[in-house]
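**Q** To start, I am sharing the structure in question, which I have written as structure tokens.
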Amino acid sequence: MYLSRDEEKILGGVEGEGKAKAMEILCAIGKIYGADKLIPISSAQVAGVSYKTIGDAGLEFLSDFAEKGAKAAVPSFLNPAGMDLENWKKMGIPDEFAEKQLRIIEAYMEMGIHSTCTCTPYLIGIRPKLGEHIAWSESSAISFANSMLGARTNRESAVSALSSAIIGKTPNFGLHLDENRRASLVVEVAAPISKMSDFGALGIIAGKAAKEKIPAFIGLEPKLANEDRMKSLGAAMAASGSVALYYARGITPEWRLADEPENLEGIVVEAKDLAETKERMQSADALDLVTIGCPHCSLSEIGEIAEKVKGKKLKMMLWVCTSRKMKEEAVRRGYAKIIEKAGGLVVADTCMVVAPIEEMGFKATGANSGKAATYLPSLCRQKIKFADIEELL
Ligand code: F3S
């Protein structure tokens, strides 16, 4: 991979040990994937934040990186942590977990990474434009940025996104190149798709079929495919397959096929496929926690929940997961108060998957998200009910 003179100097340690290490990581990745050079990025989104997922080894790595004086060179933002950074006690997070989690956040902040702690940065103003190069590492955010915004990012790991944040560049390969952004699987939607769980189930089916291919959806109704539903579709595809980019006719700003649609490999998704997928995912008879907000809720999703629980008493804990900025707005509009009065919580900075819910005694969780329903059994040892908000509430 070609390095400019300045980049070579950074690699040689002229700008400090931290930057040299980050450059070394990017060079190794560039070499493996055959990148020709490094290209500038406008932002980095860094995963690997929850103490639950990175543990003591991750904490040590980050503290070490921060001590070496590494600092973000472009606007950089964190993925969800393992707890609400302000209200962790209210959530029932163990003290020891909280102490380690706060040290992780400190290390990132020392490196100049903003503690936004959300998987939906695009809902709080961090919205890269069509054709803009970025280095993001949360799979659902990658999918949304590539597909719904037309930005360009590979599926970065926590370490590669952090290195890109520090250098302000990423190796030029994969989805940064136009020739690798052509759809290779047509997904014809022959089922009526309107509810959130339909989009989640469709994402699970399409992700499994696509694996690492780029799907192109035909037949999704643009009027029903709002951003909330499309973020759920993309998140489910990224969880059941490794889909980092998709197209949807009449919905995504780009539509690039590798061939004529009739020559491409394709699948047809019918109503019975959605019903079977939903059915297969159910494993809980009774629940002890209901979670909404995977990916993190938009303000309108929080408003919808507030409307539904207004004046009612919930029989079990409800978590409405969102970003801190969105929670602040939900507080201002009175949504958070209504939800809390009903017995639920608007939880910021974290989510049902990366919080230690299994250690907190929860065994059976309800979710309206295909991604959460995919990960909760394996990553959090939960039995699952996958259904729409109305049914869960
Ligand atoms: Fe976000 Fe957590 Fe889901 S990080 S996409 S809410 S698993």
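The values are calculated or read from the model by the stated rules, or taken from the named source; none is laboratory data. Quick caveat, the model's predicted, so the values are computed rather than measured. In this analysis, Cβ positions are derived from the backbone assuming ideal geometry, glycine residues included, and neighbour counts consider all displayed protein chains. Remember, those area values only see protein heavy atoms, side chains included, never the ligands or the DNA or RNA. Shrake-Rupley method; radii C 1.70, N 1.55, O 1.52, S 1.80 Å.
**Q** Which strands (runs of 3 or more DSSP E) does segment 21-119 wholly contain that include 3 or more residues that are open to solvent by less than 10 Å² (accessible area, probe 1.4 Å)?
**A** 44-46
**Q** Let me ask another. I'm trying to understand the selection: among the residues of segment 360-376, which are of a type in the set (D, E, K, R) and under 22 Å from PHE97 (Cα atoms)?
**A** LYS363
**Q** Kindly indicate whether any position in segment 299-308 is out of contact with any helix residue (DSSP H, G or I) (no Cβ under 8 Å at 6 or more places or on another chain), within 24 Å of ALA286 (Cα to Cα), in contact (Cβ under 8 Å) with a residue 24 or more places away in the chain and outside the structural domain of ASN87 (by TED's automatic domain parsing).
**A** no
**Q** Are any of the residues in segment 90-110 over 16 Å from the mean Cα position of the chain (by Cα) and hydroxyl-bearing (Ser, Thr, Tyr)?
**A** Checked against the condition, which is being over 16 Å from the mean Cα position of the chain (by Cα) and hydroxyl-bearing (Ser, Thr, Tyr), segment 90-110 yields at least one hit.
**Q** Check segment 48-61 and report whether any residue there is closer than 26 Å to PRO128 by Cβ, touching a strand residue (DSSP E or B) at 6+ places or on another chain (Cβ under 7 Å) and in contact (Cβ under 8 Å) with a residue 60 or more places away in the chain.
**A** yes
**Q** Please state which of the following conditions ALA135 fails to meet, knowing it meets all the rest: (1) open to solvent by 10 Å² or more (accessible area, probe 1.4 Å); (2) in contact (Cβ under 8 Å) with a residue 12 or more places away in the chain; (3) within 24 Å of ALA348 (Cα to Cα); (4) more than 16 Å from the ligand (Cβ to nearest atom).
**A** (1)
**Q** Let me ask you something else. Open to solvent by 10 Å² or more (accessible area, probe 1.4 Å) and among the hydroxyl-bearing types (Ser, Thr, Tyr): which single residue out of SER194, SER232 fits that description?
**A** SER194
**Q** In the set ALA66, ALA70, ALA22, ALA81, which member is touching a helix residue (DSSP H, G or I) at 6+ places or on another chain (Cβ under 6 Å) and closer than 23 Å to LYS327 by Cβ?
**A** ALA81
**Q** What residue, among those in segment 335-386 that are under 22 Å from GLU304 (Cα atoms) and surrounded by fewer than 21 Cβ atoms within 10 Å (Cβ to Cβ), is nearest to the ligand (Cβ to nearest atom)?
**A** In this case the residue turns out to be LEU345.
**Q** Within the set of pairs 6+ apart or on separate chains, which have a first residue in segment 229-245 that is closer than 23 Å to PHE173 by Cα, a second that is part of a loop (DSSP other than H, G, I, E, B) and of a type in the set (Asp, Glu), and C-beta atoms under 6 Å apart?
**A** SER242/GLU212
**Q** I would also like to ask the following. Tell me, yes or no, whether segment 152-160 has at least one residue that is crowded, with 22+ Cβ neighbours inside 10 Å, closer than 25 Å to GLU265 by Cβ and out of contact with any strand residue (DSSP E or B) (no Cβ under 6 Å at 6 or more places or on another chain).
**A** The answer is yes; a qualifying residue exists.
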